[in-house]
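The structure under discussion appears below in the form of structure tokens.
All of the numbers you see were taken from the coordinates with simple rules; none came from a lab. The structure presented is a predicted model; accordingly, all values stated were derived computationally and were not measured. As a convention, Cβ positions derive from the backbone with ideal geometry for all residues, glycine included, and neighbour counts pool all protein chains shown.
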Amino acid sequence: MFNLSRINQFWRLPVRHDNWRQDKQGSPLVEVEDSISLRVLVLALVITGIVATDIAGETQFSLWAIPVSFMGAIWSYRSRRDRNTAVKFCIAIGMLVALGAFFARLIGELNDTRLGLAELLIQLQILHSFDTPRRKDLGYSIVIGLILLGVAATLSQTLAFAPVLLLFLAIALPTLVQDYRSRLGLEKLNFKKPKVKEKKWSSLLPFYVLLFTIIVALGLAIFAVMPRFPGYQLRTFPVSSNIAVKSEFTGRNIINPGYVRQGNSKSQGGNTNGKGQGDTGEPGTVDNNFYYGFNSQMNQNLRGVMKPKVVMRVRSQAQGFWRVLAFDQYTGKGWKISRNDDVVTMRRSPWASQILLNSPLITGKTQEVVQTYTVVSDLPNLIPALTYPKEIYFPTSIIAVDRENGLRSPVELSEGLTYTVVSEVPYRDRAALGKAGTQYPQQIQKHYLQIPPEIAQKVRQRTEEILANYNRERVARSFKTLDSPYEQALYLAQYLKQNYSTPENPLDLPYLSDKEDLVEAFLFKYKGGYPDHFSTALTVMLRSIGIPARLVAGFNPGEFNPFTGMYVVRNTDAYAMTEVYFPKYGWFAFDPIPNHPLIPPSVEDVETFSVLRQFWQWVAGWLPLPIRNWLDYVFSTIFSGIFKAIAWFLALFTQGWLGVLTGLILSTTTAFFCWLGWEQWREWLNRRWLKKLSPMESLYQQMLQWTAKKGLGKHPAQTPLEYARVAYEQHSSANAEVIDEICQAYVSWRYGGYTPDLQQLREKWQKFKTATNARE
């Protein structure tokens, strides 16, 4: 039979001095950690953090850090009871050297010090690993592993980080349990039933799996519903290390590796090339990797398709069209930038990466949007950004801005380059834009109403005919009138989507002859064309009726990854669409391409839960259409009902004193019943939870809850035995002995595999509660 008094005597025996190290000069005793399993688990956590940093930051710290960590762990265990004075001096010197090297590297990495800090932390941990005799020292290593994982999380842009994160969690759970057992001193106990103990450990595996699953599910749920607020509190943004510009930069040349001068692959021009990107719009084929529109001119007499590949990853507060450049002059077979040489160069301070840009004065509500771009595959020296950039954090000391508000770099955007743009993006207010005037500035009329005279009258007649047909149908069906340039642009874009088509095989569209015009062939001969041809046709049609427009090229938002929070952009996401000018409000885009949204994505009034919405869109893409429509209906009904109830409640406070009084009474009553229901719910959950526990665990938890209600609860950091010792200071000796006996029995049952006398313990506990309640 289990003898509780003998176990109590055992727990109160003094600890063996073999587990303590005493300084030879008479310093206090230092407890050493003998648990090999705890040390192995801590080492695994640190190694996982180092590997995570390597994966996320694309570094090679593991090649030297992991072997040295093993050496440090072995050395530290073998010399855990030695003074190690010489080792401590060497560690201190090494840490000072590492700190000096970090500050030396910091000069060249002022804008993004994450990798530098991670390397410093790894170096300090390796030095620290050579002297970790105590459990507290191992705790420092656990924290360092966790910090390295956090650094890796900020650097990660792909799901390659996810398996390491899950591995870290899987190792952390048994590490925490082992650390707790070590704190209780259970690693030093030598019970007479080792088989029971081994069985206990093996039975914990299903519990670990369940706990691991719950934590992962809960973490994903919190990540999905966590609100994303638009403002950045810090103004230091990710940007690559400084890139020196060797030659004088004028900003007049565009470097597109896929379209270079014929016979000169090193040219920085872009006016002609061997793939049909010449001034005359001769036939040719598109490059497999680079978009043909990222150049000073755009030949739309090219045929073919690109091979998809990822070119950049974007982290942005709002999705949008990653704008690259715009064209103002239509050539008949494409576009060109007529003022390509009219650029303004902008320089920054040598000690900062911030370049302030000149933002145009526009009327209307705007929102600041921060975007960070990481180039994955080489791109031209054109800098993608959301519309109306006002600040850019770029690794070169100079950039250029053209007359179409496009940003140009002195170097090509090479793989691994990172930069950040802050844009002041205007909201798209349809009512306000519909009321915009038609008094256009002289410069706008000069550059954005140009049409080749050979097609001007024919295109205008076709455009007016489309609008006239709508007006006749409007009278018959009471449609909204097209009385503004905004509504006309919107309708023409929709008309092209619905009445013109793209070829099923991209190679089926014939080349344009020397005398053919692209827009004329699109509208009257082929009744369609390539996707970019739709945007060209819309731009010219709007110009024909006196609405200023231009062609803009860039990337669509790309594929959003809900787990990394980044947009994955491919070369095939590049396309062109139409920008229309509205006096005082600026330029707004319209997308006439079939299967594209009519209005490109941009900022919205409410984006706090944008990740949740995008996560749902990602999940819904895998569901059958009927199920997705039904779920959309259910969720929309629920949320609309909630919003209507909130609106009705808030409206009460606008209906005078009676409405205010009604609202206060209603809110107070609702709060009371919510509180009452919450308390009942918690009580029911607690009873249900206690019933599921084993008898000894249930009795122990009831004891803790009862003492907590009396204001004498157990601190989360206390072990059961520590709490039992404190009970003698807060209760009478008789009552403290009952608490002590329950705690002793609980520890012996949980960690020693012994069966306590539950009947006797319950009787003592009931007498304890009865006596205490009688005194009160």
Around LEU761, under 15 Å between beta carbons, what's the net of Lys plus Arg minus Asp minus Glu among the other residues? -1
Under the rule rounded for a/c under 1.5, else prolate if a/b exceeds b/c, else oblate, using alpha carbon gyration tensor axes a ≥ b ≥ c, region 430-539 is classed as oblate
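Say the cut-off is 28 Å between C-alpha atoms; which of LYS336/LYS458; LYS435/LYS497; LYS246/LYS307; LYS136/LYS691; LYS692/LYS769 go over it? Please report the intermediate quantities before stating the final value.
On the way: LYS336/LYS458 22 Å; LYS435/LYS497 25 Å; LYS246/LYS307 33 Å; LYS136/LYS691 37 Å; LYS692/LYS769 23 Å.
Pairs exceeding 28 Å: LYS246/LYS307; LYS136/LYS691.
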How fast does region 341-488 diffuse by Stokes-Einstein, in µm²/s, taking the Kirkwood radius from C-alpha pairs at 37 °C and 0.692 mPa s? 173 µm²/s
So what's the gap between the Cα centers of region 291-311 and region 487-542, to the nearest angstrom? 17 Å
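Can you tally the net charge around TYR486? Count Lys and Arg as +1, Asp and Glu as -1, for every other residue whose Cβ sits under 11 Å from the Cβ of TYR486. Walk me through the numbers on the way to the answer.
Details: positive: ARG428, ARG430, LYS435; negative: ASP429, ASP483, GLU487.
Once positives and negatives cancel, what remains is 0.
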Semi-axes of the equivalent ellipsoid for region 630-727, Cα gyration tensor, largest first, Å: 45, 21, 12
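Based on the alpha-carbon gyration tensor of region 420-473 and its eigenvalue square roots a ≥ b ≥ c, which shape applies: rounded if a/c is under 1.5, prolate if not and a/b is larger than b/c, or oblate? All intermediate terms of the calculation are to be shown ahead of the outcome.
On the way: a/c = 2.36, a/b = 1.42, b/c = 1.66.
Verdict is oblate for region 420-473.
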